[in-house]
1. Can you tell me how many residues within the range 293-321 are buried (at least 21 other Cβ atoms within 10 Å of the Cβ) and part of a strand (DSSP E or B)?
2. Taking interchain pairs and intrachain pairs at least six residues apart, which have beta carbon atoms under 9 angstrom, with the first residue in the range 1-12 and over 8 Å from His91 (Cα atoms) and the second in a loop (DSSP other than H, G, I, E, B) and acidic (Asp, Glu)?
3. Among the residues that make up the range 42-51, is at least one of them assigned by TED's automatic domain parsing to the domain that holds Val16, at pLDDT 85 or above, of a type in the set (Lys, Arg) and buried (at least 17 other Cβ atoms within 10 Å of the Cβ)?
4. Name every residue in the range 1-19 that is surrounded by 18 or more Cβ atoms within 10 Å (Cβ to Cβ) and touching a strand residue (DSSP E or B) at 6+ places or on another chain (Cβ under 8 Å), in order of residue number.
5. Filter the range 218-231 down to the residues that are at pLDDT 95 or above and touching a Pro at 6+ places or on another chain (Cβ under 8 Å), then identify the one that is farthest from Leu275 (Cα to Cα).
6. Give the residues of the range 338-355 that are touching a residue at least 24 places away in the same chain (Cβ under 8 Å) and either over 21 Å from Ser311 (Cβ atoms) or touching a strand residue (DSSP E or B) at 6+ places or on another chain (Cβ under 6 Å) (or both), sorted by residue number.
7. So is Glu284 touching a strand residue (DSSP E or B) at 6+ places or on another chain (Cβ under 8 Å) and assigned to a helix (DSSP H, G or I) or not?
8. What residue, of Ala199, Ala182, Ala225, is in a helix (DSSP H, G or I) and either surrounded by 13 or more Cβ atoms within 10 Å (Cβ to Cβ) or not assigned by TED's automatic domain parsing to the domain that holds Pro9 (or both)?
Amino acid sequence: MRIGITCYPTYGGSGVVATELGIELAALGHEIHFISYSQPFRLTGRDNGIFYHEVPVSNYPLFEFPPYDLALASRMAEVAEYYALDLLHVHYAIPHSVSALLARQMLAARGRRLPFVTTLHGTDITLVGLDRGYLPITRYAIQESDGVTSISNYLRDQTITRFDVTRPIETITNFVNCDVYAPIRDEALRAERRLHYAALDEPLLMHLSNFRPVKRVTDAIKIFAQVTREQPVQLVLIGDGPERSVAEWLAHDLGIQNRVHFLGKQDRVHELLALADLLLMPSEMESFGLVALEAMACKVPSIATRVGGVSELVDDGETGLLFPVGDVDAMARAAVELLRDRPRLNTMRETARRTAQKRFCSTLVVPHYVRFYEQILREGATS
């Protein structure tokens with residue numbers, strides 16, 4: 001198939017999933033065309049069968065805000081017609097599903113059919129889409145999509161309830177390439193790489209996010225501060241965003257800045273996650289928790305919050321430990337106890353990797369998308 005993919009190309013779960021999906025589909029022999037305002041950050045140019053089409057946005061003085069959604073719709077239609085795309089797959093409903101709907105209508109007027117699939121990722125439904133200014137158009141675009149998928153049952157149910165959606169929504173979970181996200185087999189090599197951040201006998205905690213308020217990165221700092229009072233430990237934070245400065249100053253004020261490593265945005269996060277003993281994911285909301293899955297595949301359990309779709313991914317007590325939002329004390333106590341109980345931690349590490357392999361590997365999930373595309377195309381051919 002020839003598939004157009006649109007996502008936000010920035011550091012965030014929806015962009016990561018969309019990009020990795022495109023890479024996996026290309027590896028299966030499909031032709032993938034990314035259509036966005038800039039190249040997705042995880043596209044490295046190493047993959048055959050992947051093309052990128054930039055969306056130019058006018059800066060005409062009359063426009064206080066450049067009309068990206070209209071420019072995107074126009075570019076979608078152009079790319080679809082020129083490269084004979086079979087369908088579009090848009091990630092994050094706002095404004096991508098609306099743009100895809102316009103592109104479909106533009107081509108339909110010329111006798112060309114262009115179905116589109118919308119994948120719902122989280123805040124497009126639970127936060128932005130509920131804004132009264134966006135709710136009616138978001139509902140309409142979801143209803144008018146040729147196919148809709150959700151990354152968790154939680155998000156599917158939220159969409160149906162909050163938007164009064166009557167059309168079917170298929171849950172296709174996030175996934176991870178279990179060959180790329182994997183533990184480091186050579187223990188000597190792992191120990192050597194860990195020395196960049198921690199001494200040989202020091203546990204290493206990790207947090208990875210886009211540092212938005214919903215990720216509660218300051219809670220990760222507070223959890224770590226309590227753990228480090230009990231034993232020598234180090235913390236690595238990967239990513240960047242609006243809360244980074246707040247987190248840096250909190251670490252400074254707590255007197256732990258020499259044990260906290262802010263690495264900023266990183267391209268090869270799988271190499272870093274594999275060095276950790278525990279992942280801290282104290283988010284206020286996660287519709288799935290992709291970072292926890294990436295960590296699980298690297299044999300790293302999570303200390304996380306019991307929110308959204310996280311419990312569909314993390315089996316409490318087996319592949320991680322779940323707590324109420326903001327319960328920093330309980331999360332810190334659990335981290336200390338787990339780090340001191342190495343047999344339990346090692347069992348949890350093995351179970352985390354095994355669960356990722358059995359339920360969430362790309363080899364299992366990506367074919368589900370392929371079957372969904374084929375179903376959409378069949379239904380269109382007979383309608």
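1. Total satisfying the criteria: 6.
2. Sorted first by the residue in the range 1-12, then by its partner, the pairs are Met1/Asp86; Arg2/Asp86; Ile3/Asp86; Gly4/Asp86; Tyr11/Asp240.
3. No.
4. Matches in the range 1-19: Ile3, Gly4, Ile5, Thr6, Cys7, Tyr8, Pro9, Ser14, Gly15, Val17, Ala18, Thr19.
5. Filtering first and then ranking leaves Asp219.
6. Those that are touching a residue at least 24 places away in the same chain (Cβ under 8 Å) and either over 21 Å from Ser311 (Cβ atoms) or touching a strand residue (DSSP E or B) at 6+ places or on another chain (Cβ under 6 Å) (or both): Leu339, Arg340.
7. no
8. Ala225
The values are calculated or read from the model by the stated rules, or taken from the named source; none is laboratory data. Just so it is clear, the model here is predicted, and its values are computed rather than measured. Cβ: placed from backbone, ideal geometry, glycine included. Neighbour counts: every protein chain shown.
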